[in-house]
Amino acid sequence: MSEREAILQLLITFEERSGTCGMALVGSSNSDPTFSGLYCYHVSTNTWTKLCDDCSRPSSPGFPTIRSRVGHSMLFHPCQRSKEYLNDFFTYNVDTQEIQQISEGTKKEPCNIPAAGFTQRATIDPELNEIYVLSGLSKDKEKRDDNVQNSFWVYYIAQNKWSCIYRNENTGEHYWSKMQHLEPCPRFAHQLVYDPCNKVHYLFGGNPGRSCLPRLRLDDFWQLQLCRPSHEQILQKCKLFIRKHRFEELAVKDRMAALQYLQTSLSEIIDHEDSEQTKEFQLLASVLFQEQDEKETQLGAGHSVDESGCHHRRSQLFDQLIEFFPSFMSQPKANLIDLISL
């Protein structure tokens, strides 16, 4: 007997203790619900399991209940299922059997929820109240083609909010060949487990979805640990951006003042034990030795240093700082031209 046959479910209720069993759902005709409900029969173990009692209580709005009945028939067709690809999101309370829909999965907000697809892997951290989802094989209805890309999502349960913390849309074979020791290539049918004590994810194997090698299976093993910067680290990063900008403006107008600022205000917020920060700090001194005409060339011909340079650099500074703020506190990222209907 195959596994599929072994888990064949016969859903019935008993009209009375001596009632017969079959591929049907029958209910108690009296007010006693003792033997009324929805049951599952497991063939291989010859055991019955009650899935739910007679649904006499009211259901959640929009979700019908299954009430007991007589004189009816019920069949299970294993192949007659819809091929619709869903990305709705809901919770099921195992104690009260209530279903609450969190997201309908409509395309009103396609960028704020994971795409519909197959073999997505999800883990949960009960302490942090977070759910993690690693993408698998997604289905693009518009392109009518399968798509395998890397994306990692976090759902914050308390805030009822999705956030895509990583996405890599590269699909070229040459690109992933160069990245094979830095990042796992996109895949589906992989295994993802989570260690909630050490806050570490482990990824193993999968199918890369290469049409030229449909039987290819991966056996690589990866570790993922999310690093969350503290408020102090974010504040220090913002200060570093602002003071670097201030130094570069001073270097255009007064090199001696810029040198003093570099050695004092900028140096004091550098983590000199961090080799990357130290190297970047040391390279800043080269700005003092750039020729004036070279700076003007970098800023653009036809503009003075004060006009173009200051505006250009401050715009870049604003874009850097806004990355640390939520989207509702920042300017829209979409181009205004795209909002104009042609």
Sort Val43, Val287 so the one with the fewest other Cβ atoms within 10 Å of its own Cβ comes first.
-> Val43, Val287
On each of the three principal axes of the Cα atoms of the range 113-224, give max minus min coordinate, whole Å, ordered largest first.
-> 43, 33, 21
Between Lys50 and Cys238, what length in nm is gained on full extension when 0.36 nm per residue of separation is reduced by their alpha carbon distance?
-> 61.9 nm
In which sequence would Leu317, Leu288 go, from the one with the fewest C-beta neighbours within 10 Å to the one with the most?
-> Leu288, Leu317
Suppose R0 equals 35 Å; then what is the FRET efficiency for Glu268 and Gln331 from their Cβ-Cβ distance, rounded to the nearest 0.05?
-> 0.65
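Pairs Lys161/Lys333; Lys199/Lys239; Lys244/Lys279; Lys239/Lys279: which are spaced more than 22 Å apart, C-alpha to C-alpha?
Working: Lys161/Lys333 19 Å; Lys199/Lys239 29 Å; Lys244/Lys279 14 Å; Lys239/Lys279 18 Å.
Going by Cα-Cα distance, Lys199/Lys239 fall outside the 22 Å limit.
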Net charge near Glu323: determine it from the other residues with C-beta under 14 Å of the C-beta of Glu323, scoring Lys and Arg +1 and Asp and Glu -1.
-> +1
What's the local net charge at Leu213, with K and R +1, D and E -1, over the other residues with C-beta under 14 Å away?
-> +3
In what order do Leu266, Leu259 fall by count of nearby beta-carbon atoms within 10 Å, going from fewest to most?
-> Leu259, Leu266
Residue-span extension gain [Thr123 to Leu259] - 0.36 nm each, minus C-alpha spacing = 43.9 nm
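Read-outs: derived from the displayed coordinates by stated rules, not from any lab. Bear in mind the structure is a predicted one, so any value in this text is a computation, not a measurement. With ideal geometry, Cβ positions are generated from the backbone for all residues, glycine too; neighbour counts draw on all protein chains shown.
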